[in-house]
Amino acid sequence: MKIVNQIGILYLCATPIGNLEDMTFRAVKILKEVDFIAAEDTRHTRKLLAHFDIHTPLIRYDEFSKTQSGEKILNLLREGKSVACVSDAGLPAISDPGADLVKLTIEAGIKVCPIPGANAALSALICSALDTTKFTFVGFLPKTAKNRHELLTEISTRNETLIFYESPHHLKKTLYELLDVLGNRNAVLARELTKIHEEFLRGTLEELAENLNEPIGEFVIVVEGKKNFDEIRPPAENFIDVYKNLIFQGVDKKSAIREVAKKFNLSRRDVYNAVINI
Ligand code: SAM
């Protein structure tokens with residue numbers, strides 16, 4: 001039976017992040033009942049639909065087509081048609097197209113409805129054994145080194161767990177960047193969640209970065225939040241004394257900060273802030 005409304009509803013429908021058995025009964029039902037499915041990659045979604053015997057027509061909705069497709073979808077919703085938005089995996093609108101469509105739909109006074117299900121960030125977090133009471137989802141870091149560094153510096157003082165998405169290609173470099181700006185914290189690499197080769201690599205950022213060889217598959221990086229000042233630092237005089245000693249020996253400030261940060265597992269920024277007035 002088709003869903004009939006005066007004005008349509010936009011359903012945000014989760015799909016599996018690897019294991020097809022994570023598709024929910026409700027997702028299958030909604031995808032069968034709606035008039036159209038807006039999909040990020042129609043070829044990819046077609047395979048999922050075939051598996052669940054779903055024959056609803058598809059509309060492409062991705063970064064490149066979103067302006068045109070967004071208008072088309074809005075018109076369909078205004079005509080009373082129902083539309084389900086899916087991404088390639090997991091929740092649409094989480095590091096995936098869909099967020100703009102939600103905004104557009106709400107601005108047009110049309111209802112949106114979540115069909116929850118698999119999500120990589122939360123699946124990684126719950127297996128991390130890090131603090132799950134407070135966390136920040138960062139997703140993919142910005143593309144340029146400057147913007148990445150700015151964002152990491154901004155979040156480096158937060159106490160809550162941090163969650164990042166990263167492609168295997170950039171993983172090692174990103175781990176070193178995290179180490180450099182956040183300091184040597186505990187972290188977990190959640191690899192290939194819900195798939196055959198699912199695994200969790202646990203250690204400090206430095207250990208994980210050093211031991212990673214040609215990573216394959218999909219990864220979520222979960223990093224411990226900044227601990228309380230007293231917890232992570234040895235008595236303040238201690239590292240400041242080491243810094244002063246280095247300066248006394250003629251080491252330049254930048255190198256001294258780098259050496260102290262490494263020795264005490266602190267971020268360079270923290271050391272810099274502590275010694276700036278010396
Ligand atoms: N919308 C998705 C969600 O709800 O999780 C996220 C899509 S985002 C374009 C893709 C990124 O999510 C990957 O680069 C990886 O960081 C993470 N990811 C997706 N599936 C994963 C999996 N099975 N295992 C580990 N990470 C995954």
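Give the residue, chosen from SER95, SER167, that is within 14 Å of the chain's Cα centre (by Cα), within 30 Å of SER69 (Cβ to Cβ) and not assigned by TED's automatic domain parsing to the domain that holds VAL220. Quick ask: steps written out before the conclusion?
On the way: SER167 fails: not assigned by TED's automatic domain parsing to the domain that holds VAL220.
Step by step, each of SER95, SER167 is checked, and only SER95 is within 14 Å of the chain's Cα centre (by Cα), within 30 Å of SER69 (Cβ to Cβ) and not assigned by TED's automatic domain parsing to the domain that holds VAL220.
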Of the candidates PRO97, PRO57, PRO92, the one satisfying the condition of being at pLDDT below 95 and either more than 15 Å from the ligand (Cβ to nearest atom) or open to solvent by less than 30 Å² (accessible area, probe 1.4 Å) (or both) is PRO97
If we keep only residues of the stretch 61-89 that are modelled with pLDDT of 95 or more and within 16 Å of the ligand (Cβ to nearest atom), then the residue nearest to LEU122 (Cα to Cα) is ALA89
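Select from the stretch 100-121 the residues that are more than 10 Å from the ligand (Cβ to nearest atom) and more than 23 Å from LYS32 (Cβ to Cβ) and list them in ascending order.
To start, the set of residues in the stretch 100-121 that are more than 10 Å from the ligand (Cβ to nearest atom) comprises 100-116.
Of everything in the stretch 100-121, those that are more than 10 Å from the ligand (Cβ to nearest atom) and more than 23 Å from LYS32 (Cβ to Cβ) turn out to be ASP100, LYS103, LEU104, ILE106, GLU107, ALA108, GLY109.
The values are calculated or read from the model by the stated rules, or taken from the named source; none is laboratory data. None of these values were measured; they are calculated from a predicted model. For neighbour counting, all protein chains shown are included, and Cβ atoms are generated from backbone atoms with ideal geometry for every residue, glycine included. Note: areas computed on protein heavy atoms with side chains; ligands, DNA, RNA excluded. Shrake-Rupley method; radii C 1.70, N 1.55, O 1.52, S 1.80 Å.
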